[in-house]
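The values are calculated or read from the model by the stated rules, or taken from the named source; none is laboratory data. Keep in mind the model is a prediction, meaning the values are calculated, not measured. Positions of Cβ are backbone-derived with ideal geometry, glycine not excepted, and every protein chain shown enters the neighbour counts. When the accessible area is computed, the model is the full protein with side chains, heavy atoms only, and any ligands, DNA or RNA have been set aside. Shrake-Rupley method; radii C 1.70, N 1.55, O 1.52, S 1.80 Å.
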Amino acid sequence: MKLKSGLCATLLTILSSSNLVAQDESPNIRINQLGFYPSQEKIAVWDNEKEADYIILDPSKQIIENSSTKQATLSRISNKTRQTIDLSKANKPGKYTLIADNDTIHFTVEENNLRSLSKVAIRSFYYQRTGIPILEKHAGKWKRGSAHHDTLVYIHPNAADENHKALETISSPGGWYDAGDYNKYIVNSAYSIGLMLTGYQLIPQYYKNLALNIPESGNSTPDLLNEMYFNLKWMLTMQDSFDGGVYHKLTTPNFEGFIAPNKCKQKRYVVAKSTAATLDFAAVMAQASRIYDKYEVDYPHFSKKALNAAIKAYEWAKQNPQLAYSQKKLNEKFKPAIKTGEYGDQKFNDEFFWAACELYIATHDKEYLNDIKKYMPDRFTNPTWGCVESLGTFSLLLNQNAEIEQIVNKLKGQLLTYAEQEVNKKNNSCFNTMFGNDATDFGWGALSEKCINPAISILIAAKLCDNTKLDDYLNNAFHNMDYILGRNATGYCYVTGFGAKSPMNIHHRLSASDKIKEPIPGFLAGGPNQHQQDKGQGVKYISNYADESYSDTLPSYASNEIAINWNASLVVLAGLLDAWSK
Ligand code: G3I
Ligand code: 9MR
């Protein structure tokens, strides 16, 4: 076999060492830093306009590939040309070495490659738990004392009504911190759990056996459900028992500083009820009521309670169908002004649709079926916190019956049309992905909303609508995951604690205040965001290209925050790929 002299020299160095090479030392190779499943379509990207020769060594250091990079493709975002490195010869479990020009990188091939990511991504929610001590036996060095007990939460003047005076208190303990901040938001909580319950229903057997080392582990409920129950229980406390409406969020007036949770001093309030929060609550409670029904032993009466809460919430929403949570308007009338995350929304057809779907599935009541018809979307829209109709679609597909056959067929058609459009985006992609070829892909939370969620949607399309597409869509979903884990424009593996080049300075108050160098593991960063809303607030971006608008610095809330909804995406995709990879 004839090798170019540069490759020969690098090969000799490699054969005499076995250290893992960090991504930074091989700047031209962009690769999934977690490795691959044996059966997966495997490529790396050569981030250089010049073609390069490369070799691949198998675990016994034999050369199994001697080739050159191919498919030079110009990015539509930057002026960069990238090429493809074919790794398909690395198809058996083991540790491989890729040498391209002067760059060397090791990568692994193994069964269950994403298993650890799948677990740690769920465990990140345990670290977000409020009001309880996070114990060393579960959290290792990231243990911490309890804080934010929320047993004395004030009714904000903007939430006062005939049954609750301003500044009265309620108790609303538990639940997860939303993100890098310390507040708890109903819209995002409901959406996150709705998405994970969708994932759970697709692969219940997989989750049955996935033990997470959280306090409830070992009971008879799958740990994913155990973890979500912690937040569902809190959500129930956010419903006004007088009228069924749900407070939009539980929050301090201003974001806290980057201080430890037990140092926080601001008062916490529940704020005005809203249509979006109440409908999202109704949807997720109805969904949870049927899924947790099997786990009465661990969670007695929860199912019934959740369903009643959902029904009441839906009734409230029907009477208050247009109550947007507008912080600006409320702040003009009420004090103290609330400046934290808005999760604002003006359109509620999607929330009505999701809630009607879940309540119909839980009760088979015609009233909800009528509303499903009334709010039926005319096309499929990828799930995000503000656009939740897809969660209704997924639930109907998962719970079909003769009565809704026509509706389900329509929704299947919509989902398949969407999926075809989505996979076509891969044409002429320099990362060989559906995601990341256009600047508009990169907004706040892009990695979850625009990269992972479409991958989830197409997988569901193949699994529930057209099985003949499964191989193709699985490949595409894997490629989007490769993007998340390193085959991308910055070379970051965007999940904390994973990969050779990983975020170290996430905008996360828990990680920033714990005096531990490494961030809490398992969190997906929001990722590159062309709008750079935090620019000039101490944030320097490495580049202005949309796909490189990422800053691994603490102040970068627009690119480097973490959030439960983004991790929910990661949980679902990692789980589906791990379960369906065979
Ligand atoms: O909808 C518009 C779209 O029409 C427009 O083309 C696009 C480009 O400007 O913007 C879209 O609006 C964006 C909106 O999210 C909807 O996705 C806004 O620019 C963007 O600023 C907004 O970001 C939200 C951010 O809060 C700021 O409000 C994120 O989605 C949301 O995930 C994030 O959530 C925060 C919570 O408020 C507080 N806790 C942390 C959490 C994560 O950062
Ligand atoms: O830290 C805040 C983060 O958790 C929010 O998601 C984000 C968007 O609402 O806002 C961050 O707070 C910033 C504020 O919006 C503007 N001034 C700088 C704050 C970060 O230090």
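At 7 Å along the Cα-to-beta-carbon direction for both THR440 and LYS267, put a label point, then send me their distance in nm to one decimal.
It is 4.5 nm.
Specify the angular offset, from 0 to 90 degrees and rounded to the nearest 10, of the alpha carbon long axis of helix 186-202 from the longest principal axis of the alpha carbons in the chain.
The two axes meet at around 60 degrees.
Quick one: which of LYS273/LYS535; LYS339/LYS450; LYS318/LYS373; LYS425/LYS463 span more than 24 angstrom between C-alpha atoms? Display every interim value, and only then the final one.
Numbers: LYS273/LYS535 33 Å; LYS339/LYS450 27 Å; LYS318/LYS373 15 Å; LYS425/LYS463 20 Å.
Beyond 24 Å: LYS273/LYS535; LYS339/LYS450.
With angles folded into 0 to 90 degrees, how steeply does helix 405-424 sit against the dominant principal axis of the chain? Use alpha carbons for both and round to 10.
40
Cα axis of helix 5-15 to longest principal axis of the chain: angle in degrees, 0 to 90, nearest 10?
Computed tilt is about 60 degrees.
Say the dipole of the chain comes from +1 at the beta carbon of Lys and Arg and -1 at that of Asp and Glu; which of ALA439, ALA568, ALA282 then lies farthest toward its positive end?
Of the options given, the answer is ALA568.
Under a Cβ-Cβ cut-off of 13 Å, what is the net charge of the residues other than ASN91 that fall near it, where Lys and Arg count +1 and Asp and Glu count -1?
Taking every Cβ under 13 Å from that of ASN91, the sum is -3.
Could you work out how much longer the chain between GLN346 and GLN421 gets when fully extended? Use 0.36 nm per residue separation minus the Cα distance between them, nm to one decimal.
Roughly 24.3 nm would be gained on extension.
Compute the signed sum of charges (Lys and Arg +1, Asp and Glu -1) over the other residues within less than 15 Å, Cβ to Cβ, of THR221.
Result for the local shell: -2.
Give the peptides 452-464, 566-578 in descending order of average Cβ contacts within 10 Å, highest first.
The densest-packed peptide leads the list: 566-578, 452-464.
Sum -39500 (n - 2.57) across every DSSP H segment of at least 4 residues in the chain, then divide by the residue count to get the 222 nm mean residue ellipticity, nearest 500.
Calculated mean residue ellipticity at 222 nm is -11500 deg cm²/dmol.
Heavy-atom accessible area of ARG379 with all protein chains present, probe 1.4 Å, nearest 10 Å²?
150
What FRET efficiency would be calculated for the residue pair LEU135, LYS335, taking the C-beta separation as r and a Förster radius of 41 Å, to the nearest 0.05?
E(calc), rounded to 0.05, equals 0.55.
At a 1.4 Å probe radius, carbon and sulfur cover how many percent of the accessible area of the chain? All intermediate terms of the calculation are to be shown ahead of the outcome.
Values: 11110 of 22100 Å².
In the chain, the share of accessible area belonging to carbon and sulfur is 50 percent.
With +1 assigned to the C-beta of every Lys and Arg and -1 to the C-beta of every Asp and Glu, and no other charges, what is the dipole magnitude of the chain about the Cα centre in debye, to the nearest 20?
I would put it at about 940 debye.
Roughly what would the spin-label model give for LYS89 and PHE258, points 7 Å off Cα along C-beta, in nm?
4.7
Net charge around GLY131, counting only other residues with Cβ within less than 13 Å of its Cβ (Lys, Arg = +1; Asp, Glu = -1)?
Taking every other residue near GLY131 into account, the sum is +4.
Which whole-Hz couplings ³J(HN,Hα) result when phi for each residue of segment 254-270 is put into the Karplus expression 6.51 cos²θ - 1.76 cosθ + 1.60, θ = phi - 60°, listed in order with x for Gly and Pro?
So the Karplus estimates, Gly and Pro as x, are 10, 4, 5, x, 7, 10, 5, x, 7, 9, 6, 10, 5, 5, 10, 10, 9 Hz.
Counting Lys and Arg as +1 and Asp and Glu as -1, each charge on the Cβ, what is the dipole of segment 430-582 about the Cα centre in debye, to the nearest 20?
The dipole magnitude comes to about 320 debye.
Are there any trypsin sites (Lys or Arg not before Pro) in segment 76-162 that are in a DSSP loop and have at most 15 other Cβ atoms within 10 Å? List them by number. Write down the numbers at each step before the final one.
Working: sites: ARG76, LYS80, ARG82, LYS89, LYS95, ARG115, LYS119, ARG123, ARG129, LYS137, LYS141, LYS143, ARG144; in loops: ARG76, LYS80, LYS89, LYS143.
Sites meeting the loop and neighbour criteria: ARG76, LYS89, LYS143.
What accessible area per residue, rounded to a whole number of Å², is obtained for the chain using a probe radius of 1.4 Å?
38
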